[in-house]
Amino acid sequence: MKALRLFGPHDLRLVEEPRPVPLANEALLRVRAVTICHSDIHYYRDGRIGDTKSTAPLVLGHEFAGEVLQVPQAATHLHIGDLVAVEPAVSCGHCRECREGNPNICANLLFSGTPPLDGALREYITYRPEFCFPLPADFTPEEGALLEPLGVALYAWDLGHLRLAESVAIIGCGPIGLLLVQLARQAGAAHALAVEPLAYRRNMAAMWGGIPLIPDDNLENEASRITEGHGVDLAIETAGTLEGQEEAVRLVKRGGTVLLVGIPPEDRIDVTHHIARRKDLNIHVVRRMKHTYPRAITLVQRGMVELSPLITHSFPLAQAAEAFPIVSDYADEVIKAVITP
Ligand SMILES: [Zn+2]
Ligand SMILES: [Zn+2]
């Protein structure tokens, strides 16, 4: 089969290698769609995310859907030919955190496309069936792949505990930010401020009811005006920048909640301490997601969240390497690039 392997920063190569053979407790999937995420870009550009280094050559890709080709008999929820979305985080199920219901902070977590586990940018992949979620008949493989970032957005949304008619600021309108804008509308937010430097992304946020705002010197005044001087009840940072963290702390109300979802390349949290302290803020640094796939599927099935408009670019596996500089540079009005092996 063909696989795209990262040999070092900016060094992706299409290689030919044997098709993986499933273990007795694994399913075999034909990969149908992989969407590129900025955490893939971290590996592509820097060879690392935070303190996790890519031990080259690694197959990237953790947002994906595949077709079931082979399945262990015990996995009665899967059938040959099913299109499935795959939860990329493989939790152990028996550590203390897993037993307490928090697989997102599993002590033995493996993650698709993060060393040592190869990801999905290849034609075939083996996976444990309990992490595969069969999709309704009208789902596309692209939508299946995007259930992963939707899950991240949904988990963050849950943590915000926003009540009806309260206000939220979403800092950064990449894919997860845009999904949060959609969730804010569904959840009855009075105002969803969509802070984003790129005009085409602001326009997209506005399409889903976000109030587009440019992160300039006037941002705090604008947010204050919209919220009648109070600040937003909830601020969610999805930009993955230190500026975004600071904006979240500045836009939120006294006693409000800040969720840090983005992964900054500097690997630091950097906010003005006296602002956060005087506001008595609740700051939550979010680790991925848990238990979100069934609800994410329902949101899409019921038309409460749209995923297809996020796909702006599509490449076959042979041209997959072309997607990386586009996503990395925010070129060509990209939101999500999908690879269809
Ligand atoms: Zn991702
Ligand atoms: Zn565990």
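The values are calculated or read from the model by the stated rules, or taken from the named source; none is laboratory data. The shown structure was predicted, so the numbers you read here are calculated from the model rather than taken from an experiment. Using ideal geometry, Cβ is built from the backbone for each residue, glycine included, and neighbour counts are taken over all protein chains shown.
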TODO: May I ask you to list the residues in the stretch 28-71 that are more than 16 Å from ligand 1 (Cβ to nearest atom), in contact with a strand residue (DSSP E or B) (Cβ under 8 Å, 6 or more places away or on another chain) and part of a loop (DSSP other than H, G, I, E, B)?
DONE: G47, A56, P57, V71
- [ ] Determine whether the stretch 181-195 contains at least one residue that is over 30 Å from L242 (Cβ atoms) and surrounded by 24 or more Cβ atoms within 10 Å (Cβ to Cβ).
- [x] no
Open item on the list: Give all pairs with beta carbons closer than 6 Å in which a residue from the stretch 20-44 that is under 17 Å from V152 (Cβ atoms) meets a residue that is in a loop (DSSP other than H, G, I, E, B) and within 16 Å of ligand 1 (Cβ to nearest atom); count only pairs at least 6 apart in sequence or on separate chains.
Closed with: V34/G61; V34/A120; V34/L121; D40/L60
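Residues are listed down the side, and each one gets a yes or a no for (1) within 16 Å of ligand 2 (Cβ to nearest atom); (2) within 25 Å of R288 (Cα to Cα); (3) among the aromatic types (F, W, Y); (4) at pLDDT below 95:
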residue	(1), (2), (3), (4)
K2	no, no, no, no
P20	no, no, no, no
V31	no, yes, no, no
H38	no, yes, no, yes
Y43	no, yes, yes, yes
I49	no, yes, no, yes
T55	no, yes, no, yes
L60	no, yes, no, no
H79	no, no, no, no
- [ ] Identify all residues within the stretch 119-128 that are crowded, with 21+ Cβ neighbours inside 10 Å and assigned to a loop (DSSP other than H, G, I, E, B); write none if there are none.
- [x] G119, A120, L121
Task: Residue count, the stretch 274-304 (criterion: touching an Asp or Glu at 6+ places or on another chain (Cβ under 9 Å) and closer than 19 Å to L259 by Cα) - done: 3
Task: All positions within the stretch 272-306 that are crowded, with 19+ Cβ neighbours inside 10 Å and in contact with a Lys or Arg (Cβ under 9 Å, 6 or more places away or on another chain) - done: L281
Task: Of residues in the stretch 98-110 being within 17 Å of the chain's Cα centre (by Cα) and in contact (Cβ under 8 Å) with a residue 24 or more places away in the chain, the one nearest to ligand 1 (Cβ to nearest atom) - done: N104
TODO: Can you tell me which residue among A165, A145 is away from ligand 2 (no atom under 16 Å from the Cβ), on the phi > 0 side of the Ramachandran plot and not charged (D, E, K, R)?
DONE: A165
TODO: Give T257, T312 a once-over and let me know the one that is surrounded by 13 or more Cβ atoms within 10 Å (Cβ to Cβ) and either modelled with pLDDT under 95 or assigned by TED's automatic domain parsing to the domain that holds R202 (or both).
DONE: T257
TODO: Take V34 and decide whether it is touching a Ser or Thr at 6+ places or on another chain (Cβ under 9 Å) and among the β-branched types (V, I, T).
DONE: yes
- [ ] Please work out if E266 is touching a Ser or Thr at 6+ places or on another chain (Cβ under 9 Å), over 28 Å from F139 (Cα atoms) and surrounded by fewer than 15 Cβ atoms within 10 Å (Cβ to Cβ).
- [x] yes
- [ ] Would you confirm whether any residue within the stretch 9-23 is on the phi < 0 side of the Ramachandran plot and touching an Asp or Glu at 6+ places or on another chain (Cβ under 6 Å)?
- [x] no
- [ ] Within the stretch 82-97, track down each residue that is surrounded by fewer than 20 Cβ atoms within 10 Å (Cβ to Cβ), under 18 Å from C132 (Cα atoms) and more than 16 Å from ligand 1 (Cβ to nearest atom).
- [x] D82, C92, G93
Open item on the list: Given the condition part of a loop (DSSP other than H, G, I, E, B) and surrounded by fewer than 18 Cβ atoms within 10 Å (Cβ to Cβ), answer yes or no: does some residue in the stretch 142-159 qualify?
Closed with: no
